[in-house]
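Asks: Mind looking over this structure? Questions follow.
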Amino acid sequence: MWKPPERIKHFAKKGRVPDRETAENARLFQPVAIGPVRLKQRTWVPAMVPWRASEDGFVTPEILGWYRRFAEGRPGALVVEATGIRDIPSGPLLRIGHDRFLPGLKDLVETVRQGSDGETKLFIQLIDFLNIRRRPKPEKFFARYLEITGRHRDILGAKDWPEEKIRTRLAGLSGDEIEKILTVRELESLRYGYRERVTDTHLPHIRSLPGVLPGLFAGAALRAKKAGFDGVELHYAHAYTMASFLSALNDREDGYGGPREDRVRLPLEVHAAVRKAVGSDFAVGCRFLTEDCIEGGNRVADAAYFATEFARAGMDFLSTSRGGKFEDAGQPAIGWAAYPYTGPSGYECMPQYISDAGGPFGRNIEPTAKVREAVRSNGFATPVVVTGGIHNFQQAENILQKGQADIIGAARQTLADPDWFLKLRLGQGEAVRLCEYTNYCEGLDQKHKQVTCKLWDREALDGNNAALTNDGKRRLTAPVWQRR
Ligand SMILES: Cc1cc2nc3c(=O)[nH]c(=O)nc-3n(C[C@H](O)[C@H](O)[C@H](O)COP(=O)(O)O)c2cc1C
Ligand code: SF4
């Protein structure tokens, strides 16, 4: 993963730890309404893909174990990982694109209900993503994948050559020569793997996305309601389809790209279709970026505009993230696909402890505060969830007291210690295991390995029938907290 050149090391601290009475009176532990749903407290576990679904996208016992463990820490809300809305093979990513996924999802809802004694509200993140291929071996790329065009023939002076001869010629050229012959997109496919964009409107399935996506999201949301979830989070963040429609890089000319008003059109149409399908007694919100953190991408002013429009449309919550884009991702190894968290924008999304002077803790707080301020100044009270490097009570409570956000999200800190919110609430904050922000978990995610935390995954491997990873080397969930 890319790291800021300053390479300053920052260490998480417990800060001021509240006693039980102080915690109970803290804003962090006061209820908040998410549209029709009431959270018991303002603590939120954002979506995290643990790579534990079955190869065909079903809920597995390992998925149930992962969410049960978070539920035991009784956060106000828990968001289930990015879940695919289409009925297409997507590897071991959870799916909700067909009714056959319903029984497993119902089990998941029941598991969280039991694990938290009904205290934790459960949302599921709905995602659409475009095709991306692995970085090919150059010989394969030239032999099979590259489409030979008139441009190649012209530059090579090979108008009448048979295609095979052109492929062989190209495969034998140096890097410098190839750069002069291939287009920018062809070079990208060679060096990073082929990747579709929402702006590839010459492809019929990309051109028709605005006609297709509202129905797919609505169908998925209705299934989530039938499975018993309390709400859905529309994934409008990071490197995926909906965030790409919002992005300033989207220059589609069909009314769904270009100016902000047109870039937000599809996300609003998706929301309208979802709301129509699920009614008003089910929470619908979205996760989106305060900043794309790439050249030419969205800035806070864009996010403030989008957030206001989402609130105006009646979304029940707004959850922010930042960065996580393909545009500046590092080059993957041959045989691997590009991963959107490997460049500077990826760093902004999941900053680790080696950082710049700003540090990894709370890089998204100020931008989120600006977005929230825009929503409030337009007269909307929609609750805003902030996430990014938040790991102690003082930091969380300050954010809420200052009105920078309404709900505190913590992903890695909750992976490091699923009971941390509960420990704070009970006045036992000294027992919190702090995340070290080394991104070991994110490295596992990148390799599509079952995600665990390095602070507990080798602990008591043979005790209490701990469920282990496929290779038997790591435990899959944090050991149970022995309460005082
Ligand atoms: C292993 C892992 C998987 C993640 N999966 C998702 C995901 O499915 N959807 C999403 O919106 N964010 C995902 N994220 C990003 C987190 O939700 C969060 O925004 C990010 O880790 C920064 O917050 P933190 O500093 O509290 O960890 C993931 C993060 C990690 C570490
Ligand atoms: S592995 Fe654990 S300690 Fe390291 S960043 Fe992930 S959650 Fe934090």
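Asks: Would you point out the residue of the range 403-419, among those that are in contact with a Phe, Trp or Tyr (Cβ under 7 Å, 6 or more places away or on another chain) and polar (S, T, N, Q), that is surrounded by the fewest Cβ atoms within 10 Å (Cβ to Cβ)? Don't jump to the end; show me each part of the working.
Replies: If we filter the range 403-419 for residues that are in contact with a Phe, Trp or Tyr (Cβ under 7 Å, 6 or more places away or on another chain), which is where we start, we get 407-409, 412-414, 418-419.
Of the ones still in play, those that are also polar (S, T, N, Q) are 413-414.
Working: Gln413: 25, Thr414: 27.
Ranking the candidates gives Gln413 first.
Asks: Can you tell me which residue is farthest from Ala333 (Cα to Cα) among those in the range 422-469 that are of a type in the set (S, T, N, Q) and in contact (Cβ under 8 Å) with a residue 12 or more places away in the chain? Before the answer, list the steps.
Replies: Applying the first criterion (of a type in the set (S, T, N, Q)) to the range 422-469 yields 428, 438-439, 446, 450, 452, 464-465, 469.
Narrowing further to those that are in contact (Cβ under 8 Å) with a residue 12 or more places away in the chain: 428, 438-439, 446, 450, 452, 464, 469.
Working: Gln428: 45, Thr438: 22, Asn439: 19, Gln446: 12, Gln450: 20, Thr452: 23, Asn464: 39, Thr469: 24 Å.
Step by step, filter the range 422-469, then rank; the result is Gln428.
Asks: Next question, about the same structure. If a residue must be within 16 Å of ligand 2 (Cβ to nearest atom), without any contact (Cβ under 8 Å) to a residue 60 or more places away in the chain and surrounded by fewer than 23 Cβ atoms within 10 Å (Cβ to Cβ), how many such residues does the range 331-362 contain?
Replies: 1
Asks: Quick one: count up the residues across the range 89-99 that are out of contact with any strand residue (DSSP E or B) (no Cβ under 7 Å at 6 or more places or on another chain) and modelled with pLDDT of 95 or more.
Replies: Start the filter on the range 89-99 by keeping residues that are out of contact with any strand residue (DSSP E or B) (no Cβ under 7 Å at 6 or more places or on another chain), which leaves 89, 91-92, 98-99.
Next cut, modelled with pLDDT of 95 or more only: 98-99.
Number of matching residues: 2.
Asks: Do the conditions hold for Ala460, that is, is it touching a strand residue (DSSP E or B) at 6+ places or on another chain (Cβ under 9 Å) and closer than 27 Å to Gly343 by Cα?
Replies: Working: touching a strand residue (DSSP E or B) at 6+ places or on another chain (Cβ under 9 Å): yes; closer than 27 Å to Gly343 by Cα: no.
In short, no.
Asks: Could you list, in sequence order, all residues of the range 296-321 that are buried (at least 24 other Cβ atoms within 10 Å of the Cβ), under 21 Å from Ala283 (Cα atoms) and polar (S, T, N, Q)?
Replies: Selection gives Ser319, Thr320, Ser321.
Asks: Here is a follow-up. Could you tell me which residue of the range 374-402 is surrounded by the most Cβ atoms within 10 Å (Cβ to Cβ), considering only residues that are without any contact (Cβ under 8 Å) to a residue 40 or more places away in the chain and of a type in the set (D, E, K, R)? Write out each step before concluding.
Replies: Here is the first cut: in the range 374-402, the ones without any contact (Cβ under 8 Å) to a residue 40 or more places away in the chain are 376-377, 379, 381, 390, 398-399, 402.
Now narrow it down to the ones that are of a type in the set (D, E, K, R): 376, 402.
Details: Arg376: 15, Lys402: 10.
Within the range 374-402, the match that is surrounded by the most Cβ atoms within 10 Å (Cβ to Cβ) is Arg376.
Asks: Let me ask something else about it. Under 7 Å by Cβ, and 6 or more places apart or on different chains, what pairs join a residue from the range 100-118 that is charged (D, E, K, R) with one that is in a helix (DSSP H, G or I)?
Replies: Lys106/Ala227; Asp107/Leu64
Asks: Further question: Might you check whether a residue that is outside any loop (DSSP other than H, G, I, E, B), farther than 30 Å from Ala53 by Cβ, away from ligand 2 (no atom under 12 Å from the Cβ) and over 23 Å from the mean Cα position of the chain (by Cα) occurs anywhere in the range 381-391?
Replies: The answer is no, given that none of the residues of the range 381-391 is outside any loop (DSSP other than H, G, I, E, B), farther than 30 Å from Ala53 by Cβ, away from ligand 2 (no atom under 12 Å from the Cβ) and over 23 Å from the mean Cα position of the chain (by Cα).
Asks: Consider Pro360 carefully, then state whether it is in contact with a His (Cβ under 8 Å, 6 or more places away or on another chain) and within 16 Å of ligand 1 (Cβ to nearest atom). Step through it out loud before you land on a result.
Replies: Details: in contact with a His (Cβ under 8 Å, 6 or more places away or on another chain): yes; within 16 Å of ligand 1 (Cβ to nearest atom): yes.
Spelling it out, Pro360 is indeed in contact with a His (Cβ under 8 Å, 6 or more places away or on another chain) and within 16 Å of ligand 1 (Cβ to nearest atom).
Asks: Follow-up question, since we're still on this one. If I filter the range 426-446 for residues that are over 23 Å from the mean Cα position of the chain (by Cα), at positive phi and of a type in the set (S, T, N, Q), do I get at least one hit? Please lay out each step first, then the result.
Replies: First, pick out the residues of the range 426-446 that are over 23 Å from the mean Cα position of the chain (by Cα): 426-433.
Filter again for at positive phi, leaving 427.
Narrowing the set further to residues that are of a type in the set (S, T, N, Q) leaves none.
Looking through the range 426-446, none of the residues is over 23 Å from the mean Cα position of the chain (by Cα), at positive phi and of a type in the set (S, T, N, Q).
Asks: Filter the range 273-290 down to residues that are in a helix (DSSP H, G or I) and surrounded by 15 or more Cβ atoms within 10 Å (Cβ to Cβ), then give me how many there are. Spell out how you get there, then give the answer.
Replies: Looking only at the range 273-290, we keep the residues that are in a helix (DSSP H, G or I), and these are 273-278.
Now drop any that are not surrounded by 15 or more Cβ atoms within 10 Å (Cβ to Cβ), which leaves 273-275, 277-278.
The number of residues fulfilling the criteria is 5.
Asks: Within the range 283-292, is there a residue that is over 21 Å from the mean Cα position of the chain (by Cα) and in contact (Cβ under 8 Å) with a residue 60 or more places away in the chain?
Replies: Here is the first cut: in the range 283-292, the residues over 21 Å from the mean Cα position of the chain (by Cα) are none.
Looking through the range 283-292, none of the residues is over 21 Å from the mean Cα position of the chain (by Cα) and in contact (Cβ under 8 Å) with a residue 60 or more places away in the chain.
Asks: Do we find that Leu400 is out of contact with any Phe, Trp or Tyr (no Cβ under 9 Å at 6 or more places or on another chain) and assigned to a loop (DSSP other than H, G, I, E, B) in this structure?
Replies: Details: out of contact with any Phe, Trp or Tyr (no Cβ under 9 Å at 6 or more places or on another chain): yes; assigned to a loop (DSSP other than H, G, I, E, B): no.
The answer is no for Leu400.
Asks: Separate question: Looking only at the range 1-47, count every residue that is of a type in the set (Gly, Ala, Ser), within 27 Å of the chain's Cα centre (by Cα) and either over 16 Å from Gln395 (Cα atoms) or surrounded by fewer than 17 Cβ atoms within 10 Å (Cβ to Cβ) (or both) and tell me the total. It would help to see each step written out before you state the result.
Replies: Just the residues of the range 1-47 that are of a type in the set (Gly, Ala, Ser), to begin with: 12, 15, 23, 26, 33, 35, 47.
Narrowing further to those that are within 27 Å of the chain's Cα centre (by Cα): 12, 33, 35, 47.
Now drop any that are not either over 16 Å from Gln395 (Cα atoms) or surrounded by fewer than 17 Cβ atoms within 10 Å (Cβ to Cβ) (or both), which leaves 33, 35, 47.
Number of matching residues: 3.
Asks: When you scan the range 420-432, do you find a residue that is crowded, with 17+ Cβ neighbours inside 10 Å, under 27 Å from Ser54 (Cβ atoms) and either away from ligand 2 (no atom under 14 Å from the Cβ) or assigned by TED's automatic domain parsing to the domain that holds Thr290 (or both), even just one?
Replies: no
Asks: Inspect the range 168-181 for any residue being surrounded by 16 or more Cβ atoms within 10 Å (Cβ to Cβ), not assigned by TED's automatic domain parsing to the domain that holds Gly330 and not in a helix (DSSP H, G or I) and give the result as yes or no.
Replies: Looking for residues that are surrounded by 16 or more Cβ atoms within 10 Å (Cβ to Cβ), not assigned by TED's automatic domain parsing to the domain that holds Gly330 and not in a helix (DSSP H, G or I), one finds none in the range 168-181, hence no.
Asks: Go over the candidates Leu461, Leu422, Leu455 one by one and state the one that is more than 14 Å from ligand 1 (Cβ to nearest atom), outside any helix (DSSP H, G or I) and not acidic (Asp, Glu). Steps first, please.
Replies: Details: Leu422 fails: outside any helix (DSSP H, G or I); Leu455 fails: more than 14 Å from ligand 1 (Cβ to nearest atom).
One residue alone meets the criteria, Leu461.
The values are calculated or read from the model by the stated rules, or taken from the named source; none is laboratory data. Small disclaimer: the values here were computed from a predicted structure and weren't measured. Here Cβ is always computed from backbone atoms with ideal geometry, including for glycine, and neighbour counts include all displayed protein chains.
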